[in-house]
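This report refers to the structure that appears directly beneath it.
The values are calculated or read from the model by the stated rules, or taken from the named source; none is laboratory data. None of the values given here were measured: they were computed from a predicted structure. Here the Cβ positions follow ideal geometry from the backbone for every residue, glycine too, while neighbour counts run over all protein chains shown. Each accessible area value is taken on the protein alone, full model and side chains, heavy atoms only, with ligands, DNA and RNA left out. Shrake-Rupley method; radii C 1.70, N 1.55, O 1.52, S 1.80 Å.
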Amino acid sequence: MSKVLVFVEHGAGTPARGAAELLAAAAQLGEPAAVVVSETDAGPLAVELGALGAGTVYVAVVPGADSLLVTPRVAALAAAVAAAGDVAAVLVGTSVESREAAARLAIRIGGAYLSDAVGVGHGVGAGHGVSAGHGAGGEGITVTQQAFGGAYTVVSAAGRGIPIVSLRPHSVEGAAPAAAGTVVAIDVAGDTAPTTTITARHEQSGASDRPDLQAAEVVVSGGRGLGSQEKFALVEQLADALGAAVGASRAAVDAGYVPQSYQVGQTGVTVSPNLYIAVGISGAIQHKAGMQTAKTIVAINKDADAPIFEVADFGVVGDLFTVVPQLIEAVKARKG
Ligand SMILES: Cc1cc2nc3c(=O)[nH]c(=O)nc-3n(C[C@H](O)[C@H](O)[C@H](O)COP(=O)(O)OP(=O)(O)OC[C@H]3O[C@@H](n4cnc5c(N)ncnc54)[C@H](O)[C@@H]3O)c2cc1C
């Protein structure tokens with residue numbers, strides 16, 4: 001069976017949250033294998049990745065890797081593709097670094113970069129009237145993507161070369177069966193591509209202990225309906241009661257309730273959590289583009305005709321200042 005390589009980001013040897021899902025997606029397409037760049041021997045990390053389904057773990061040991069921008073990751077991916085030989089696809093997450101590495105890898109190996117997929121399959125294109133076609137790469141692997149602000153769902157295949165896919169979090173269910181996690185060392189020392197060194201890191205002001213917006217299981221977003229920065233605290237209280245990330249509409253960002261990094265939508269971040277709660281958000285197409293693939297959408301809005309209710313699974317028509325405090329109390333009561 002062809003290998004499907006997964007680029008695994010990690011912090012001090014702990015795989016990023018999305019690694020398990022990427023390996024599960026890889027298992028649907030072929031034999032999952034992980035690719036990691038590490039400053040030191042990645043033995044314990046490889047054991048963990050084996051438990052998550054990686055049969056092989058390609059490890060590039062790069063001194064100072066944590067202080068280098070993307071190029072060592074590209075070098076490691078290219079070397080792993082060469083070492084693996086028979087590669088059906090490469091999967092990465094949606095962090096800036098992973099997506100940049102993926103696009104650069106596509107240029108290096110003559111592959112095809114398929115960005116922001118919300119599903120992957122083997123020949124699923126046939127069922128959608130799309131097939132990989134003559135000369136296509138990726139052994140008939142197809143990906144599902146949202147296009148034009150979510151107005152269309154398209155099924156795409158690589159026209160040539162290996163498909164390199166960035167997969168949105170929460171797109172794939174289940175887990176890959178545990179595998180050996182056999183370490184294969186890859187040498188990228190000969191790769192002389194210029195790189196950029198990180199000389200200082202500054203914590204973003206307002207950084208919190210809340211989950212990362214793009215990877216969170218639950219997102220609570222607030223809109224202009226909150227009315228002020230002070231009142232936006234209600235959204236944060238609900239998020240904290242649920243252990244959720246906080247998002248916002250552009251109108252809320254433009255009004256200064258929260259920083260731009262909170263913005264969900266066409267010109268903000270795209271989220272695909274299991275639960276998305278929209279509070280005082282009308283549901284403009286540009287907002288929906290960033291959240292409508294959430295598994296369950298709950299909308300709280302006093303206007304029964306607000307477009308957000310078109311995509312909501314559950315809707316509460318009411319004043320958010322009455323509804324949300326009750327919801328917070330109910331969540332706290334349930335948690336005991
Ligand atoms: C090129 C372009 C890109 C854009 N990109 C984005 C983007 O990335 N993300 C984004 O979000 N928008 C984006 N927009 C803006 C978008 O078109 C909308 O203007 C914006 O999403 C509206 O935000 P909102 O829903 O918070 O505000 P509004 O549309 O003003 O809606 C506020 C809602 O709150 C409700 N409300 C008010 N008071 C209460 C109350 N007390 N209780 C309950 N409900 C209440 C109202 O009924 C209303 O539905 C973009 C626009 C353009 C042109």
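Sort Val120, Val61 by accessible area with a 1.4 Å probe, largest first.
The ordering from most to least exposed comes out as Val61, Val120.
Quantify, in whole percent, the carbon and sulfur part of the accessible surface of the chain (1.4 Å probe; protein heavy atoms only). Before the final figure, lay out each step's value.
Values: 8120 of 15380 Å².
Roughly 53 percent of what the probe reaches on the chain is carbon or sulfur.
At a Förster radius of 30 Å, what calculated FRET efficiency corresponds to the Cβ-Cβ distance of Ile285 and Ala178, to the nearest 0.05? All intermediate terms of the calculation are to be shown ahead of the outcome.
Details: r = 43 Å, r/R0 = 1.43.
Once the sixth-power term is evaluated, E becomes 0.10.
Which of the aspartates and glutamates could a cross-linker span from Lys332 if the Cα-Cα distance has to be under 13 Å and same-chain partners fewer than 8 positions apart are dropped?
Asp240
In nm, to one decimal, how far is the Ser261 label point from the Glu203 one, both placed 7 Å along Cα→Cβ?
Going from the Ser261 label point to the Glu203 one covers 1.2 nm.
Of all the stretches in the chain, which is the longest one without any exposed loop site, taking GluC sites (Glu not before Pro) in a DSSP loop (any state but H, G, I, E, B) with at most 10 other Cβ atoms within 10 Å?
Values: sites that count: Glu173, Glu203, Glu230.
In the chain, the maximal stretch lacking such sites is 1-172.
If you stretched the chain out fully between Val47 and Glu97, how much longer would it get, using 0.36 nm times the residue separation minus the C-alpha to C-alpha distance? Please list the in-between numbers first.
Values: separation 50, 0.36 × 50 = 18.00 nm, distance 2.40 nm.
Stretched out fully, the Val47 to Glu97 stretch lengthens by 15.6 nm.
Lys288: which lysines have alpha carbons under 24 Å from its alpha carbon, excluding same-chain residues fewer than 8 sequence positions away?
Of all the lysines, those that pass the test against Lys288 - Cα under 24 Å, at least 8 places apart if same chain - are Lys231, Lys302.
With every protein chain left in place, what is the accessible area per residue of the chain in square angstrom, probe 1.4 Å? All intermediate terms of the calculation are to be shown ahead of the outcome.
Values: 15380 Å² over 336 residues.
For the chain, the per-residue accessible area is 46 Å².
In degrees, nearest 10, range 0 to 90: what is the angle between the Cα axis of helix 320-335 and the longest Cα principal axis of the chain?
60 degrees
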